1. Cβ contacts < 7 Å: first residue under 12 Å from Pro98 (Cβ atoms), restricted to segment 38-64; second residue among the aromatic types (Phe, Trp, Tyr) and within 13 Å of the ligand (Cβ to nearest atom), any location; separation 6+ or different chain. Result?
2. Do we find a residue being away from the ligand (no atom under 16 Å from the Cβ), part of a helix (DSSP H, G or I), under 24 Å from Glu179 (Cα atoms) and among the polar types (S, T, N, Q) anywhere in segment 88-111?
3. Among all residue pairs at least 6 apart or on different chains, which show Cβ distances below 7 Å where the first residue, located in segment 74-96, is among the hydroxyl-bearing types (Ser, Thr, Tyr) and the second is surrounded by 21 or more Cβ atoms within 10 Å (Cβ to Cβ) and part of a helix (DSSP H, G or I)?
4. Of the residues Arg203, Arg167, which single one is more than 15 Å from the ligand (Cβ to nearest atom), without any contact (Cβ under 8 Å) to a residue 12 or more places away in the chain and part of a helix (DSSP H, G or I)?
5. Considering each residue of segment 43-70, count those that are touching a strand residue (DSSP E or B) at 6+ places or on another chain (Cβ under 9 Å), within 14 Å of the ligand (Cβ to nearest atom) and of a type in the set (A, V, I, L, M, F, W, C), and give that number.
6. Out of (1) of a type in the set (D, E, K, R); (2) away from the ligand (no atom under 11 Å from the Cβ); (3) within 15 Å of the chain's Cα centre (by Cα); (4) closer than 14 Å to Leu207 by Cβ, the odd one out for Glu179 is which?
Amino acid sequence: MLNLQIPHATTLSALRARVRSWREDRMTIGFVPTMGALHEGHLALVRLAKAHCDKVVTSIFVNPEQFSPQEDLDTYPRTFIEDAQKLSAEKCDLIYAPETHEVYPDGFATRIQMGGPAEGLESVDRPHFFGGVATVVAKLLNQVRPDVAVFGEKDYQQLLVVRQLARDLDLGVDIIGGEIVREPDGLAMSSRNVYLSDEERGRAAELNVILAGLASEVSAGTPIEEAVSSARRAAQTTFDAVDYIAVRCARTLAPIDSATLDRPARVLGAVRLGVTRLIDNRAASAPRI
Ligand code: PAF
């Protein structure tokens, strides 16, 4: 048994017992699902959940269902003791760190298939991803039954997919988005940034620069196609590969068919540096006329 400064549950029954006692005391519950390897971006989500609710549960579960066989499930950073210390400093009320069989017991045979905002972008290179995310998020939300759940805008497409999931399945939870937290040079914080070599880390911040430039171009009225082509060229000179650079409707992530921006939009990009895949995004707004 680990001696942590913060309560932690590894089984569904222990989680439910804790949540039940809070409910009996009429407490509201906020939930922050994570895969651990926590950084300032995650901790900001915990603070946001605390601002909305009396009690906060953070889950730490590296979900095998959202990794393809070629991806980094085995090497994904696992830093449970440090994570627990950070969550304790944030006064998180409970860590839920289930074993895989607690989430996917023997005989588990359900997988949620998402449409709408899950189509395109991440799904082109990671077709398995949102099915795995939607399945585990539905499971975790059912296990915790929070009033509010907080997801980072860093994974903007994931945030919209989870909102769609909660709406479509009547999960009865408010899904709140937390702003992206960046390193001093603008690189969006991510657990996978530890994979970057020093040389790659030097180039990584350019993704934010390129997306910020694209967001201000389209917000100023530059035709979308022209601005995206020039941002893609810039990304191709900096990164080893560019999966996508796109401007999409901020609410649905549908492609925008007008020549220039006519609605609130999101500028999104995914690029590769060595073994690391970076994603980031920025808000863009239609020019005022
Ligand atoms: O964003 C993540 O860390 C994961 O995709 C999530 C939402 C915890 C589901 O495993």
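Every number in this text was worked out from the coordinates using simple rules, so none of it is lab data. Everything quoted here is computed from the prediction, not taken from an experiment. Here Cβ is always computed from backbone atoms with ideal geometry, including for glycine, and neighbour counts include all displayed protein chains.
1. Correct list of pairs: Val57/Phe31; Val57/Tyr96; Ser59/Tyr96; Val62/Tyr76.
2. Checking segment 88-111: at least one residue is away from the ligand (no atom under 16 Å from the Cβ), part of a helix (DSSP H, G or I), under 24 Å from Glu179 (Cα atoms) and among the polar types (S, T, N, Q).
3. Tyr96/Leu15; Tyr96/Val144
4. Values: Arg203 fails: without any contact (Cβ under 8 Å) to a residue 12 or more places away in the chain.
Going through Arg203, Arg167 in turn, just one is more than 15 Å from the ligand (Cβ to nearest atom), without any contact (Cβ under 8 Å) to a residue 12 or more places away in the chain and part of a helix (DSSP H, G or I): Arg167.
5. 7
6. So the condition that Glu179 fails would be (4).
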